[in-house]
Amino acid sequence: MNPYKVGIITVSDTSAADRTKDKSGPLLQQLLTEASSDYQVLHTTVVPDEAIDITRVVQEWADTERLDLILLTGGTGFAERDITPDSIEPLLTRLTPGITHLLISTSLTKTPFAALSRPISGFRNKTLCITLPGSPKACRENMDSLFPILPHALDLVRGQHGAIRHTHSHIASTGSTTNQQQQQQHTCVHHHQQQQQQVQKHSAHTLDLNTPVSQRARVSPYPMISVEEAQSIISRYAQPLETVDMKVSEDLIGYVLAEDVYAKEPVPGYRASIVDGYAVHAEDGPGIYPVCHVSLATSHYQEPKENDDSMTVHTPFQLKRGQISRVATGGMVPDGANAVVMVEDTRLVERALDNQEEAMVEIMISTQANSMIRSVGSDCQQGDLVCSKGTVISTVGGELGLLASVGVTSVLVYRKPRVGVLSSGNEVQDITMTSRPLVPGEIRDSNRLTLLAAIRQANMEPVDLGIVPDNVDAMEQCLQQALLDLDVIISTGGVSMGEADYMKPLLEQRFNATLHFGRVHMKPGKPTTFATIPTTSSTKQRIVFALPGNPVSAVVTFYLFVLPALRQMCAIHQPKNVILPVKILHDIYLDSRPEYHRVRVYMNAEKGHLEALSTGQNQQSSRMISMVAANGLLQLPIKTDDLSMLKKDDIVECIILGPLYQK
Ligand code: AMP
Ligand code: MG
């Protein structure tokens, strides 16, 4: 039997900063090795308590390395930075609640504080992932309880039935299943079923789709959560996608490098002149010299002769002492020459007979060896690190040009999410519907256009899913189709309390989606809904943002929730919105919900600070006009008894959405 391939991840800020502090990782390795030669620990690593780092390793070890078992130690407690279980949960294709229960129940027999650990376990395809506490003692206890079941669990997934029988008979023959254990196994199964139901129907809040309007809920059953909480839930599910090879071209804009990139060629690849002038022997000094050669910036490649497929170049010219060669900027400096003098420091003494060429030129200055010459590899040596993993290929930073210049033709990057956008509503009409005027009850679809454009502006390719009527079957069909090849679906409309607001029950009841939240304490955007849909064929869950229909709510919630998630899926290191303090130029009344007030943000160069001008006091969520020329969202605090308005010149935090204006 092949040994089980195991990886161990220590999750700890402290150990990541100083690996000698890591005790649990090495202990786990030792325990496995001592337990059986069947465990082969192939990888160990230490990462900080950062979801992005944890998931990157788990994905790589599960998807690329196809390990049988990944043990994670640390980050399972109640502290704010303890996010190991939450980070890996979205990666798991099947939970193994029985194993989780086993860990908790055995630890509880040792200390009631085991209740403060939040372990999780499950498969990512065929890789079993188990989180363990950070303390070496607890790790040892947990491993003691895991060892009896681990080989069996791993064999089941490998489909090694012989080995399974062996394990069964092993348990039977050693008589190791005590009454207590049998009872425990029974409760495990029970708990397993319960928990699986919980996972699938994590939040069965929605009424049956066929419920008549007279029986609908009159208050949303969804707990109202804060914007920050909503953002943190989303960031747990919006994990970087897999990596792909991409050609170096304009299409690479916005991608994040998934590898360190090294120069394939030296730049320059030959000794190149920095100026237009004359290549000289520096030791010859000032004087009058014959111009014996011309070197323009040109290729020295020669078509190979017949029957000779080797690449050929001109034999370089050899400049003798007492001779000079005219060279252009970027031209190859001839062999023998060791400096270039710029044309401004020379004088024509004699023309050639044809009156066209230069025969004799006076070099009027002294120069030194290497002056005005870029030596081979002086800009960049072959093998130099030119772009490190995590770099975003931008239109500003010149990364594309750099890659091109060093001969890199393809790179490994994180795939960008494929994002679909749909509008829902029987009243919603496409702007291209011009055959007749709108009739009462109808409105133009503005949301789809706005969101498609905003996604494109963020360097991602949106997919237009059109307008879907308020009809459960039509919506189901549209989503079904979209789920086939999209990573993220954004819908607008149909998420509030109306009888035709089908989005939430549809997601839950027809797609087995988990609705992570359905109400956010904010204005505008209260009914914003976030869901994930499990998929059978792929390892990933699909992500759905069901945004409110009001146009301003749709835009505001897109920037607050969707865009950071899309950036995170692209593996952009800082996916959050930029927030800057701005001085407001007038009084603003506060609301009982945290409000996102549209403003134009100016840089006041004279005073050296940012100023925000409201787009108007009427900020109703249907008024698209309140978005015109807006490049910022003021984050207004909620109204209190002591504070009902902000005063002119107050400083407020502002989410920056677009380029600043200059005052
Ligand atoms: P709903 O969330 O479906 O209740 O819609 C809330 C409000 O937004 C209603 O007044 C809708 O008519 C409006 N609305 C919904 N979808 C769109 C859209 N795509 N473009 C513009 N307005 C919309
Ligand atoms: Mg609607």
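Some observations on this one:
- The residues packed around Ser15, meaning those with a beta-carbon under 12 Å from its beta-carbon, carry a net charge of -1 if Lys and Arg are +1 and Asp and Glu are -1.
- Difference of contour (0.36 nm per residue) and Cα-Cα distance, Thr211 to Arg81: 42.5 nm
- Net lengthening on full extension, Tyr270/Lys648 (0.36 nm per residue, minus Cα-Cα): 129.8 nm
- Euclidean distance between Cα centres, region 409-441 to region 55-78, Å: 38 Å
- For region 579-662, the share of accessible area belonging to carbon and sulfur comes to 53 percent (1.4 Å probe, ligands and nucleic acids excluded).
- On the beta carbon distance between Thr535 and Glu606, with R0 = 56 Å, the FRET formula returns roughly 0.50.
- Flagged links, alpha-carbon separation over 24 Å, of Lys23/Lys540; Lys5/Lys416; Lys23/Lys576; Lys5/Lys247; Lys523/Lys663; Lys504/Lys540: Lys23/Lys540; Lys5/Lys416; Lys23/Lys576; Lys5/Lys247; Lys523/Lys663
- Lysine-lysine proximity count for region 579-662, Cα under 15 Å, sequence distance 8 or more or distinct chains: 4
- Carbon plus sulfur fraction of accessible area for region 301-408, probe 1.4 Å, in percent: 49 percent
- Total charge dipole magnitude, the chain, about the Cα centre, Cβ charges on Lys, Arg, Asp, Glu only, Debye to nearest 20: 2120 debye
- The angle between the Cα long axis of helix 136-146 and the main principal axis of the chain comes to about 60°, on a 0 to 90 degree scale.
- Near-label residues of region 458-472 by backbone N, under 11 Å of a point 7 Å along Cα→Cβ of Asp430: 465-468
- Heavy-atom accessible area with a 1.4 Å probe sorts His516, His597, largest first, into His516, His597.
- Dimensionless Rg/Rh of the chain - Kirkwood Rh, Rg from C-alpha atoms: 1.10
- Paramagnetic reach from Ile365 in region 282-297 [backbone N under 13 Å; point 7 Å along Cα→Cβ]: 286
- Exposure rank, largest accessible area first [Tyr289, Tyr502; 1.4 Å]: Tyr502, Tyr289
- Per-residue [θ]222 nm for the chain (sum of -39500 (n - 2.57) over DSSP H runs n ≥ 4, rounded to 500): -7500 deg cm²/dmol
- Per-residue accessible area (protein heavy atoms, 1.4 Å probe) orders Phe561, Phe147, Phe317, Phe78 as Phe78, Phe317, Phe147, Phe561, starting from the largest.
- Solvent-accessible heavy-atom area per residue, rounded to whole Å², over region 63-113 at 1.4 Å: 45 Å²
- Summing +1 for each Lys or Arg and -1 for each Asp or Glu among the other residues whose beta-carbon sits under 15 angstrom from that of Asp485 gives +1.
- Here the accessible area is traced with a 1.4 Å probe on the protein chains. For region 409-556, carbon and sulfur cover 51 percent of it.
- Label-to-label distance, nm, for residues given as Ser299 and Met497 (7 Å Cα→Cβ offset): 7.2 nm
- Using a cutoff of 8 angstrom between alpha carbon atoms and counting only pairs six or more residues apart, the relative contact order for region 579-662 works out to 45 percent.
- In the context of the full set of protein chains, region 394-551 has a per residue accessible area of 41 Å² (1.4 Å probe).
- On the beta carbon distance between Val396 and Arg321, with R0 = 60 Å, the FRET formula returns roughly 0.80.
- Pairwise label distance in nanometres, Glu357 with Asp345, each label 7 Å out on the Cα-Cβ vector: 2.6 nm
- In region 448-513 the Cα-Cα distances spread across 5 Å bins starting at 0 as 3, 15, 26, 24, 18, 10, 3, 0 percent of all pairs.
- Accessible surface calculations at 1.4 Å, restricted to protein heavy atoms, place region 579-662 at 53 Å² per residue.
- Remark: relative contact order (the chain) = 11 percent; criterion is Cα-Cα distance under 8 angstrom and separation of 6 or more residues.
- Full extension of the segment from Ile233 to Asp63, taken as 0.36 nm per residue of separation minus the current Cα-Cα distance, would add 58.8 nm.
- Here the simple spin-label model places points 7 Å from the Cα toward Cβ, and for Tyr589 and Ala282 these points are separated by 7.7 nm.
- Each Lys and Arg Cβ is given +1 and each Asp and Glu Cβ -1; about its Cα centre, region 371-486 then shows a dipole of about 500 debye.
- Looking at region 1-102, the GluC sites (Glu not before Pro) that sit in a DSSP loop and have at most 11 other Cβ atoms within 10 Å of their own Cβ are Glu80.
- With a cut-off of 10 Å between beta carbons, the residues surrounding Arg326 carry a summed charge of -3, where Lys and Arg count +1 and Asp and Glu -1.
- At R0 = 41 Å, FRET efficiency that the Cβ-Cβ distance of Glu50 and Gln662 yields, to 0.05: 0.65
- Debye-sum result for region 579-662 in log10 I(q)/I(0), which assumes one identical scatterer on each alpha carbon, at q = 0.25, 0.27 Å⁻¹: -1.29, -1.44
- Percentage relative contact order, region 254-407, counting C-alpha pairs under 8 Å, at least six apart: 41 percent
- Counting only DSSP beta bridges whose two residues both lie in the chain, roughly 60 percent are antiparallel.
The values are calculated or read from the model by the stated rules, or taken from the named source; none is laboratory data. Quantities reported herein were computed from a predicted structural model and do not represent experimental measurements. Backbone-built Cβ (ideal geometry, glycine too); neighbour counts: all protein chains shown. Heads up: the accessible areas ignore ligands, DNA and RNA and are worked out on the full protein's heavy atoms, side chains in. Shrake-Rupley method; radii C 1.70, N 1.55, O 1.52, S 1.80 Å.
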